[in-house]
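Here the structure comes first, spelled out in structure tokens, and everything after it is commentary.
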Amino acid sequence: MRMQKIIFADDDPEIRTVLRLLLTAEGYETVEAANGAEAVDALDEAADLVILDINMPEMDGFTACSEIRKVSCVPILFLTGRSQDSDKTLAFSLGGDDYLV
């Protein structure tokens, strides 16, 4: 049985470290990305979940979500500090599956 693969993108290295430690401790294979472009590049058929921050350099989470939706129906979770309803609405309209503040 293969490990489930989670790609996560956040420009904060401390958040990436915490996510990696928590997810690997639960038995997930993890792929870290420092921005949305890296997350899109890391996407492959083995990905089971993508976790995106919104505010990132080069490519933000909204754009990354839109790009991922062009090629994949993998579940996308937004994990962000942005709590405005307009951000949540945009995330879901671009194809996000869940949104956690």
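The values are calculated or read from the model by the stated rules, or taken from the named source; none is laboratory data. Fair warning: this is a prediction, and the values are worked out from it, not measured in the lab. Positions of Cβ are backbone-derived with ideal geometry, glycine not excepted, and every protein chain shown enters the neighbour counts. When the accessible area is computed, the model is the full protein with side chains, heavy atoms only, and any ligands, DNA or RNA have been set aside. Shrake-Rupley method; radii C 1.70, N 1.55, O 1.52, S 1.80 Å.
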Notebook entry, point to check: Are there any pairs, at least 6 apart or on different chains, whose C-beta atoms fall under 7 Å, with the first in segment 30-52 and free of Cβ contacts under 8 Å to residues at least 60 places away in the same chain and the second open to solvent by less than 30 Å² (accessible area, probe 1.4 Å) and of a type in the set (D, E, K, R), and if so, which?
Noted result: V31/K5; A46/K5; A47/K5; D48/K5
Notebook entry, point to check: Within segment 67-75, is there a residue that is β-branched (V, I, T) and surrounded by fewer than 16 Cβ atoms within 10 Å (Cβ to Cβ)?
Noted result: yes
Notebook entry, point to check: Quick check, is L90 of a type outside the set (S, T, N, Q) and either surrounded by fewer than 13 Cβ atoms within 10 Å (Cβ to Cβ) or under 18 Å from K5 (Cβ atoms) (or both)?
Noted result: no
Check: Does segment 81-97 hold any residues that are touching a residue at least 12 places away in the same chain (Cβ under 8 Å) and at negative phi, and which are they?
Finding: G81, R82, S83, D87, L90, A91, L94, G96, D97
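I need a count of the residues in segment 17-43 that are open to solvent by less than 60 Å² (accessible area, probe 1.4 Å) and closer than 11 Å to M56 by Cβ. Break it down stepwise before answering.
Going through segment 17-43, the residues open to solvent by less than 60 Å² (accessible area, probe 1.4 Å) turn out to be 17, 19, 23, 27, 30-31, 33-37, 39-40, 42-43.
Okay, now just the ones that are also closer than 11 Å to M56 by Cβ, so 33-37, 39.
Final tally of qualifying residues: 6.
I want to confirm something. Restricting to segment 1-15 and keeping residues that are open to solvent by 40 Å² or more (accessible area, probe 1.4 Å) and in contact (Cβ under 8 Å) with a residue 12 or more places away in the chain, which single residue is farthest from the chain's Cα centre (by Cα)?
R2
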Note to self: Looking at segment 48-60, can you tell me whether even one residue there is of a type in the set (D, E, K, R) and over 12 Å from the mean Cα position of the chain (by Cα)?
What the structure shows: yes
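Being within 23 Å of V101 (Cβ to Cβ) and in contact with a helix residue (DSSP H, G or I) (Cβ under 7 Å, 6 or more places away or on another chain) narrows it down to one residue among E14, E26, E32; which is it?
Values: E14 fails: in contact with a helix residue (DSSP H, G or I) (Cβ under 7 Å, 6 or more places away or on another chain); E26 fails: in contact with a helix residue (DSSP H, G or I) (Cβ under 7 Å, 6 or more places away or on another chain).
The conditions single out E32.
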Margin query: I'd like the residue in segment 53-66 that is in contact with a strand residue (DSSP E or B) (Cβ under 6 Å, 6 or more places away or on another chain) and closer than 11 Å to G95 by Cβ and, out of all such residues, is surrounded by the fewest Cβ atoms within 10 Å (Cβ to Cβ).
Written below: C65
